[in-house]
Amino acid sequence: MNHSLLDLETIGWNSFFLGNFNIFQEEGLIPGRITEVQRKSYMTLTETGEIETRISGKFRFTAEDKTTFPVVGDWVAIKMETDRKGTIHAVLPRKTKFSRKIAGKITEEQVLLANVDFVFIVSGLDNDFNIQRIERYLTLVSKSGSKPVIILNKSDICPDLDKRLEEVKRIDPIIPIHTLSAEHNEGLESLDQYLDKGKTIALLGSSGVGKSTIINKLLGTNHQKVGSVRKSDSHGRHITTYREMFMLPNGGMIIDNPGMRELQLWSEDGDVSDVFSDIEALSENCKFSDCTHLNEPSCAVKNAIENGELELRRYQHYIKLKKEIEYLSIKQNEMTRITEKARGRGMSKKIKLIRKMRSDKF
């Protein structure tokens, strides 16, 4: 796509990024925003349009870990090269970031997106509807710095819409919820309030919930491929295979994500209080301040379940996510100690090498 003489404020540039870019401007670098991460290169929007960029050798050498590498949504400092290509010398500080635990047994953070204002958590109102998946997404988004918005798609095929809506509202009455049928252009106007110039939206949800259809409708073009959904369980095929950011017609940006059925949690704060504020409020009345809400006497949370004030399913999911994050926190601390120890050994070797070089010299 060609965006000649692009107004950077349209795609999210503001005083926060400008303040962090001044030092690079003095070096003759220009700002750009990552729209797509490829295997060895990054598609980047600049004032003069979209260019292909690569990270500099110095950047790669000095990077502390993979979390400092550019991701979709990042603002970067670029040195323009020939043939409309550029070299990334730095990633500007992020206003927000969305992370998960990297797949596999290794406990490492994987940053998926950066500088997102609103996260649309999309759930289908078909056979694939899963309230616990919504709670899980919210747990991740609550730590990202972005504002969550719940989108319940496929309202045209939902026989018990009011029941589903009440079920989702019980998670948190403050989080905005919108019901729509993207395929039939119903309810899409409710999303206009988030599509302001300079704002960035990301869509999260499992395959088959209609993320690509929503994006196509908002873009006004069939840019994203749309896959079929199995009637038996409403599961969709993974049509979107990588993250990509698009410019919206009225300004702002929208990011599509590959469908993620099970999302590994990542939390630097180690709690789920934002998503389960009702349970946290109940726990203030427990007899013991460190009550785990499992077997302790006079537990206000367990009492709330018995008298019907708290749903058993929600309590069980709260305990499950809390244990998962606590375990993750332990593994994170172990990884930090191992990493610091390895760095210490590395520094010790460097010091010994420098001393040896000096003694050989003199």
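No value in this document is a laboratory result; all are computed from the given coordinates. From a predicted model like this one, the values you see are computed outputs, not experimental measurements. Reconstructed Cβ throughout: ideal geometry from the backbone, glycine too, with neighbour counts over all protein chains shown.
On the beta carbon distance between Ile330 and Leu219, with R0 = 56 Å, the FRET formula returns roughly 0.80.
The Cα trace of segment 8-91 gives Rg and Dmax of 11.9, 33 Å, the first to one decimal, the second as a whole number.
Protection proxy ranking, highest mean first, for peptides 179-185, 108-114: 108-114, 179-185, where packing is the per-residue count of other beta-carbon atoms within 10 Å, averaged.
Within the P(r) computed for segment 277-338, what percentage of the Cα pairs occupies the region above 20 Å? The calculated P(r) of segment 277-338 puts 34 percent of pairs beyond 20 Å. The distance between label points at Thr82 and Lys323 comes to 6.2 nm (points 7 Å beyond Cα on the Cα→Cβ vector).
Per the Kirkwood treatment, what hydrodynamic radius in Å, one decimal, follows for segment 117-163 from the mean inverse distance over all distinct Cα pairs?
Details: mean 1/r = 0.0876 Å⁻¹.
Roughly 11.4 Å, rounded to one decimal.
Nearest 0.05, what FRET efficiency do Phe16 and Glu306 give at R0 = 35 Å with Cβ-Cβ as r? Working shown, then result.
Working: r = 49 Å, r/R0 = 1.39.
Calculated transfer efficiency: 0.10.
Subtract the Cα-Cα distance of Glu26 and Glu167 from 0.36 nm times their separation in residues, and report this length gain in nm to one decimal. Before the final figure, lay out the partial values.
On the way: separation 141, 0.36 × 141 = 50.76 nm, distance 5.39 nm.
This chain segment gains 45.4 nm when fully extended.
Hey, fewest Cβ within 10 Å first, where do Ser283, Ser298 land in order? Don't skip to the end; give the middle numbers.
Numbers: Ser283 20, Ser298 11.
Exposure proxy ranking, most exposed first: Ser298, Ser283.
Stretched out straight at 0.36 nm per residue, the stretch from Ile174 to Glu52 would grow longer than its current Cα-Cα span by 39.8 nm.
Report the calculated FRET efficiency for Thr68 and Glu9 (r = Cβ-Cβ distance, R0 = 22 Å), to the nearest 0.05.
On the way: r = 26 Å, r/R0 = 1.17.
With R0 = 22 Å, the Cβ-Cβ based efficiency is 0.30.
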